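Just so you know, all these numbers are worked out from the coordinates, no wet-lab data involved. This is a predicted model, so every value here is computed, not measured. Positions of Cβ are generated from backbone atoms using ideal geometry, with glycine treated the same way; all protein chains shown enter the neighbour counts.
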Amino acid sequence: MTNLLTKAEYTAIAESLILPRAAFIDGKFRTGTGPKLITRNPATGEKLAEIAACGSEDVDLAVARAREAFDQGHWAKMPPAERKVILVRLAKLITRNRRELAVMESLDGGKPISDCEGVDIPESIECIKWHAELIDKIYDQTAPTGDDALSIIVREPLGVVAAILPWNFPMLMLAWKIGPALAAGNSVIVKPAEQTPLTALRVAELAYEAGIPTGVLQVLPGDGPTVGEPIGRHPGIDAVSFTGSTETGKRFLIYSAESNLKKVTLECGGKNPAVVLSDAENLDHVAEHVVNAAFWNMGENCSAASRLIVHAAVKEPLLERITARLRDWKTGDPLDPAHHLGCLVSTEHAQKVGSYLSGEAIAGGKMDGPYLPPTVYDVSADDARAREEIFGPILSVITVQSDDEAIPLANDTNYGLTASIFSSNIRKAIRAAREIKAGTVTVNSYGEGNAATPFGGWKQSGFGGRDNGIHAHDQFTEVKTIWIDLNNPKDGDNVG
Ligand code: ADP
C-alpha cells in the first residue's frame with residue numbers, strides 16, 4: 001500500500017511538474033503539424049499545457065519510422081530475454097517517477113490522487129512487468145501430423161500496431177496496450193485521448209531512457225477526427241487496439257473495412273449489473289463492494305456496476321448500509337487524499353451526466369460545478385438511468401420480487417462487459433455466473449480481475465479479442481504454420 005502524502009505536498013509536486021508539450025515521434029519530442037491541443041485541469045478549468053499536437057502528416061511520419069524500426073528488427077528480433085530486461089527497466093523507471101506520474105494523472109483527468117497513487121500507477125507498473133516477464137516464457141506449439149511431417153506453429157509480431165486510448169484511465173490503459181504489444185515485438189503508435197495526453201507522453205520518454213529503440217514507441221496527441229481517423233484508415237498499420245465508447249469503436253471497424261483490413265480489437269462501454277439475490281449474506285460486505293463498484297473513479301469506468309438489481313427481501317437493509325457507507329465517500333479537490341471522488345473529466349461530460357439527474361435521490365443528486373457526489377436513484381427497469389451508460393457516479397437501483405427475474409434482467413442490455421453476483425449459495429451463484437452474458441463475472445465481490453486474467457466484453461461491449469493475460473498477446477501477434485515434409489526425397493532430387 002502506497003504511503004499517501006498530504007494535500008500540501010501533492011500541490012507542491014503539481015507546481016513543480018514539467019509537462020510535455022509536443023508529440024513523441026522518432027525517439028524525441030517533436031512539434032506536431034496539427035491544431036494545438038490545450039489540456040486543462042478539470043477541477044479548476046485552468047490550462048495545464050498547450051501541446052503542439054498532431055495531424056495526418058505526423059501519422060504518416062510515425063508509421064514510416066515505426067515500420068523502419070520493425071524491419072530493422074532491433075526490437076522485434078531482439079532475443080526475448082533482452083526485450084524483457086528493457087521492459088522491466090521501464091517498469092522500474094515508472095516506479096521511480098510514480099509520484100510525478102500520479103499527480104500528472106490526477107491534474108489531467110480530475111482523478112482522486114489516492115486512486116492514482118494506490119491503483120492506476122501501481123497497476124500500470126504491474127501490467128508492464130507481467131508482460132515483460134512473460135516474454136521468454138511463452139512456448140509455441142506443434143500439431144499432430146503423423147510421421148511424415150513436422151508442423152511448427154509460431155506466433156509472430158504483427159508489425160506496426162496502434163493503441164487508441166480513453167480519458168478515464170489514461171496510464172493504466174496505456175499499460176494494458178503497450179505491455180503486450182511491445183512484449184510481442186511490435187512497433188507501437190499510441191494516441192492518447194485529447195483530454196488526458198500527459199502521462200502517455202512522459203512514459204514514452206521513460207521508455208527511451210529504458211532502452212527501447214527509436215521508432216518502437218511513439219505517442220501522437222490529438223483529437224479523434226484529426227489523429228484517430230488517419231490511424232484507423234492508415235494502410236501501413238497492421239492492428240488497432242481501441243478502448244472507448246461503443247459508438248467510436250464501431251467507426252474503427254469501418255475504417256479497417258475501408259482500408260487494409262487491419263485487425264481491430266475494441267473494448268467499449270458497459271451497463272454492468274451487480275445482482276444481489278435474496279440469500280446474500282453479510283450485507284455490510286455487499287454494500288462495500290457495491291459502493292466501490294458504482295463510484296470508484298467517479299463511475300467514469302466502463303466496468304462500473306451502475307445497475308444494482310436487488311431482491312426486495314434484502315433491498316432496504318442493503319440501501320441503509322450503502323447510504324451509511326457513502327457518508328465516508330467524500331467528493332472534492334482531486335489532489336486532496338481525503339477525497340474518494342474527484343471531479344468529472346470536462347464541462348461537456350459534466351453536462352451529459354447532469355442530464356440524468358431528476359426526481360428524488362436516495363443519496364446525492366446535486367451537481368456542484370464539476371463535482372457530483374455519489375448519487376443513488378430507485379428506478380424501474382425501463383428508466384433511461386437503468387439502460388444507458390452514464391459514465392458518472394449514478395447508481396440505479398432496480399428491485400426484483402424473485403431471484404428468477406434477476407438474471408434475465410441483468411442480461412437485458414446491449415452491453416456485456418462485467419457483472420457481479422452476490423449469494424450465499426455457491427451453486428446458485430455459479431449457475432448465475434454461467435448464465436450472465438459478460439466478459440468478467442465476479443462472485444460475492446466486485447472487480448476486473450488482475451493482470452493475468454483476460455478482460456473484454458460480449459455483445460456491444462467489445463470485439464475481436466481481450467486485454468490482459470496471455471490472451472492479450474493474440475491481439476498483437478499472427479499465427480503461422482510451418483510445415484516440414486519428412487519424407488525421403490525421391491531419387492534424383494538434388495538435396496546435396
Ligand atoms: P468518449 O466519448 O468517452 O470521449 P471516445 O470513444 O469518443 O470516448 O474516445 C476514445 C478515443 O477515441 C479517444 O482517443 C478519442 O480521441 C478517439 N476518437 C474519438 N472520436 C474518434 C473518431 N471519429 N475517429 C477516431 N478516433 C476517435
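Numbers below:
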| item | result |
| --- | --- |
| Filter result (near the ligand (Cβ under 7 Å from one of its atoms) and either over 19 Å from the mean Cα position of the chain (by Cα) or without any contact (Cβ under 8 Å) to a residue 24 or more places away in the chain (or both)) within segment 218-230 | Pro225, Glu229 |
| Count - residues of segment 422-447 that are touching a strand residue (DSSP E or B) at 6+ places or on another chain (Cβ under 6 Å), farther than 19 Å from Arg387 by Cα and not β-branched (Val, Ile, Thr) | 6 |
| Top-ranked residue of segment 123-143 - restricted to ones that are more than 30 Å from Pro221 (Cα to Cα) and of a type in the set (A, V, I, L, M, F, W, C), ranked as nearest to the ligand (Cβ to nearest atom) | Ile138 |
| In segment 231-245, residue farthest from the ligand (Cβ to nearest atom) [restricted to those that are assigned to a strand (DSSP E or B) and touching a Lys or Arg at 6+ places or on another chain (Cβ under 7 Å)] | Ala239 |
| Lone qualifier among Gly146, Gly185 - being out of contact with any helix residue (DSSP H, G or I) (no Cβ under 8 Å at 6 or more places or on another chain), more than 9 Å from the ligand (Cβ to nearest atom) and on the phi > 0 side of the Ramachandran plot | Gly146 |
| One residue from Leu101, Leu174 being within 16 Å of the ligand (Cβ to nearest atom), touching a helix residue (DSSP H, G or I) at 6+ places or on another chain (Cβ under 6 Å) and in contact (Cβ under 8 Å) with a residue 12 or more places away in the chain | Leu174 |
| Evaluation of Gly244 against (1) in contact with a strand residue (DSSP E or B) (Cβ under 6 Å, 6 or more places away or on another chain); (2) under 25 Å from Gln460 (Cβ atoms); (3) not hydrophobic (A, V, I, L, M, F, W, C) (one fails), failing number | (1) |
| Wholly enclosed strands (runs of 3 or more DSSP E) of segment 363-427 bearing at least 3 residues within 16 Å of the ligand (Cβ to nearest atom) and under 23 Å from Trp296 (Cα atoms) | none |
| Residue that is surrounded by the fewest Cβ atoms within 10 Å (Cβ to Cβ) [pool: residues in segment 1-55 that are small (Gly, Ala, Ser) and under 28 Å from Asp368 (Cβ atoms)] | Ala8 |
